[in-house]
1. Give me the aspartates and glutamates in straight-line cross-link reach of Lys26: C-alpha distance below 18 Å, same-chain residues under 8 apart excluded.
2. Taking trypsin sites (Lys or Arg not before Pro) that fall in a DSSP loop and have at most 11 other Cβ atoms within 10 Å as cut points, what is the longest piece of the chain between them?
3. What angle do you read, to the nearest 10 degrees and between 0 and 90, between the alpha-carbon axis of helix 66-79 and the longest principal axis of the chain?
4. Per residue, how much accessible area does the chain have with a 1.4 Å probe, in Å²?
5. So, in Å, what gap is there between the alpha-carbon centers of the range 101-144 and the range 145-209?
6. When the Karplus curve 6.51 cos²θ - 1.76 cosθ + 1.60 is applied with θ = phi - 60°, which whole-Hz ³J(HN,Hα) does each residue of the range 44-59 get, with x for Gly and Pro?
7. The range 101-209: which GluC sites (Glu not before Pro) are DSSP loop and have at most 16 other beta-carbon atoms within 10 angstrom?
8. Would you kindly derive the ³J(HN,Hα) couplings of the range 179-196 from the backbone phi angles with the Karplus curve 6.51 cos²θ - 1.76 cosθ + 1.60 (θ = phi - 60°), listing them in order in whole Hz, with x for Gly and Pro?
Amino acid sequence: MKNIAVLVSGGGTNLQAIIDAINNGKITGGKIALVIASKDDAYALVRATENNIATCVISPKSYETREEFTCQVVKKLLEFNIDLVVLGGFNFILTSEFTTTFKNRILNVHPALIPSFCGLGFYGLRVHKAVLESGVKVTGATVHFVNEIADGGPIILQKPIYVGEGDTPETLQKCVMEECEWDILTRAVDLFCNDRIWVDENGIARVRG
């Protein structure tokens, strides 16, 4: 049974999707052992507490440097013997200490089809606004391993969705989240917990079965 940690900054909808998937048997071989929030008023902490999951608040405001902040996050993850880290709406980029310590063990879901509409500055509604302004007809979501490059780690799963004629950034965000993000994120967590993902010698994520 692999120990999962979810890092959050806000409402925790991705956290809830993982909780629900574990409860209904769509994720096997893993359990959420810890939720780390970057602020003490994140609603994700309520979701975790209601499901008897250990929580911890580590605020970047409490540290002078990103290195010190990262060090505390890594220390807590190691304390809980975490096998898999999921970035569930975590609004901070940590240093290479994090990505090195948990190499190919950190999952992130991005609300677009990487390599489009990704990288530094592409987050939240900004992604969907850019999609609409570009005129593309298909968008979606991507789950990838996290490395030192923003949205640059090996791609694990992607799921497309059509852009509606009347979509706004808000409606598109909702559709992508509910129809794409939650689906492929929970599938990727299950794959990892059952040892069905690996990264080959070319840095490409492969899925078994």
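1. Correct list for Lys26: Glu178, Glu179, Glu181, Asp183, Asp190, Asp195.
2. Result for the longest clean stretch: 1-136.
3. It works out to around 70 degrees.
4. Solvent-accessible surface per residue comes out at 50 Å².
5. Here the answer is 9 Å between Cα centres.
6. Here the 3J(HN,Hα) series is 4, 5, 5, 4, 5, 4, 5, 10, 6, 9, 4, 10, 7, 9, 10, 8 Hz.
7. Glu148, Glu165, Glu201
8. Calculated HN-Hα couplings, in order: 9, 10, 4, 4, 5, 6, 5, 5, 5, 5, 4, 5, 4, 5, 5, 10, 6, 10 Hz.
The values are calculated or read from the model by the stated rules, or taken from the named source; none is laboratory data. Only a predicted model underlies this, so the values are computations on that prediction, with no experimental measurement involved. A quick note on method: Cβ atoms are made from the backbone with ideal geometry, for glycine too, and the neighbour counts reach across all protein chains shown. Areas reflect the complete protein model, heavy atoms only, side chains present, ligands, DNA and RNA absent. Shrake-Rupley method; radii C 1.70, N 1.55, O 1.52, S 1.80 Å.
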